[in-house]
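The values are calculated or read from the model by the stated rules, or taken from the named source; none is laboratory data. Note that the structure is a prediction, hence the values are computed from the model and not measured. Ideal geometry is used to build each Cβ from the backbone, glycine not excepted, and the neighbour counts take in all protein chains shown.
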Amino acid sequence: MSKPTIAQKPRLSFWQIFNMSFGFLGIQFGFALQTGNASRILQTFGADVEHLSWFWLAAPITGMIVQPIIGHYSDMTWNRLGRRRPYFLTGAILSGLALFFMPNSSMLAALIPPIVVGAGMLMIMDASFNVAMEPFRALVADNLPDSQHTTGFSMQTCLIGVGAVIGSWLPYVFAEWFGIGKTAEQGIVPNNVLYSFYIGAAVLIGAILWTVIRTKEYPPEVYATFHEKDESDSGHKGGLSEIFSDLANMPKTMKQLGLVQFFSWFALFSMWVFTTPAVADHVYHIPAGDTTSVAYNDAANWVNVLFGVYNAVSAVYALLLPRIVKKLSRKRAHAFSLVMGGVGLISVFFITDPKLLVLSMVGIGLAWGSILAMPYAILSSSIPASKIGVYMGIFNFFITFPQIVNGVIGGPIVKYAYSGHAVYALVMAGVFMFLAAIAVLFVKDGRKIQIIEPAVNKS
């Protein structure tokens, strides 16, 4: 009996791909506001610097739980909105509400301490970002033919960079260009941050709505004509037992990459949590506990600009990586990038002029751009095609686990080993980047294949 003919997906136009990807701009806009301002807001509500990493545990924990669940159920969902759109629309609405309420947590001070509300909003925000983000990665594979996958992911990468840069810079622009207040009373978030979060909520929801309205998904009967039925897939009835079996039998390359990911993401988590207090203390020389002065808020606004710089560098660098790989190799290109990230992080300790911190962010941007692409490129060579989905999901544990470890021990290390000086957490992060660079050189890289498009993962 002959096999049924597999139809080819039609090619989509530039604007169809743009519309399909535009929602990612909103997601990264909101994510940039979170990474650049969450520590600042929590400190405003009374969090000590050594406790910040505990509050940030919400991100990797929710990512570890939410991402595989959303990925699993979005695979099986088909309704009037489609397969993926119901999830990133729901995530957008929840993310927008969290962006609105987190900086306004003091409104509930009479009932609940603002720090508790703020931490809760951080957890809800991160879970919502994951709900919105995860289905976008599958949407490209769902709607585009193989020949357009690179175009689709490149479009996402471009819009991700644009959203991240604007979201990172907005508080600084409001304060320095438009004169919107950058200071407030103790326990109150300044207006420049408040308005940035309002705009972030509107942009996130608006961008997702644009994609939902302007993008169509194939109905199940049409989608089935583009894919050969996998007889080995009986509906994934193995459930958790199958996942644990795959976990136990993961390829050697994946295990080796796990060590690289541990060092890399431990370092990134330290950067996101401690850059604001580190710059305020070490570069601006602001006393601990001061979150209301003009100087502190200048430092926090400048950190937003710096985070925008590293995101912009990473977006450009990701497009250059294929050429670099041709001259070096995937392992050496990633090792070089991680070393540059380590240099960037450690250089913060030696810089006294805030403007020179831009140079630090260049190195960090090179590492970030490579971290979002190279491990996945190497991994894809070592796993069977029928297991790509489950192993990519399992691979996410190597991202979330180091963040959880850092979240538990990072704060006490800053308090007891570094006497509250967060800049040493950045130095430690730089050392971990160097360890990641060494570890990647021992990874067994499999077949030589074309580099896959950068993946975006916040948690």
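With a cut-off of at least 2 residues that are in contact with a helix residue (DSSP H, G or I) (Cβ under 8 Å, 6 or more places away or on another chain) and modelled with pLDDT of 90 or more, name the helices (runs of 4 or more DSSP H) lying wholly within segment 276-393. Spell out how you get there, then give the answer.
Details: elements: 294-327, 330-347, 357-371, 374-380.
Helices (runs of 4 or more DSSP H) meeting the threshold: 294-327, 330-347, 357-371.
What helices (runs of 4 or more DSSP H), lying completely within segment 44-106, carry at least 1 residues that are out of contact with any helix residue (DSSP H, G or I) (no Cβ under 6 Å at 6 or more places or on another chain), surrounded by fewer than 21 Cβ atoms within 10 Å (Cβ to Cβ) and at pLDDT 85 or above? First the steps, then the outcome.
Values: elements: 52-55, 58-76, 85-101.
Counting at least 1 such residues, we get 85-101.
Report the residue count in segment 164-179 for those that are free of Cβ contacts under 8 Å to residues at least 24 places away in the same chain and surrounded by fewer than 22 Cβ atoms within 10 Å (Cβ to Cβ). Let's see the steps before the verdict.
Start the filter on segment 164-179 by keeping residues that are free of Cβ contacts under 8 Å to residues at least 24 places away in the same chain, which leaves 173-174, 177-179.
Keeping just the survivors that are surrounded by fewer than 22 Cβ atoms within 10 Å (Cβ to Cβ) gives 173, 177-179.
Count: 4.
Any chance you could count how many residues in segment 313-346 are among the polar types (S, T, N, Q) and surrounded by fewer than 20 Cβ atoms within 10 Å (Cβ to Cβ)? So that I can check it myself, show each step before the final result.
Of all residues in segment 313-346, those among the polar types (S, T, N, Q) come to 314, 329, 337.
Remaining after also requiring surrounded by fewer than 20 Cβ atoms within 10 Å (Cβ to Cβ): 329.
Matching residues across segment 313-346 total 1.
Within segment 153-162, does at least one residue satisfy the condition of being modelled with pLDDT of 70 or more, closer than 16 Å to Ser39 by Cα and assigned to a helix (DSSP H, G or I)?
Our first condition is that a residue be modelled with pLDDT of 70 or more; within segment 153-162, this holds for 155-156, 158-162.
Now drop any that are not closer than 16 Å to Ser39 by Cα, which leaves none.
So far as segment 153-162 goes, no, none of its residues is modelled with pLDDT of 70 or more, closer than 16 Å to Ser39 by Cα and assigned to a helix (DSSP H, G or I).
Would you be able to say whether some residue in segment 256-273 is part of a helix (DSSP H, G or I) and among the hydroxyl-bearing types (Ser, Thr, Tyr)? Steps first, answer last, please.
Of the residues in segment 256-273, the ones part of a helix (DSSP H, G or I) are 256-273.
Then drop every residue that is not among the hydroxyl-bearing types (Ser, Thr, Tyr), which leaves 264, 270.
The answer is yes; a qualifying residue exists.
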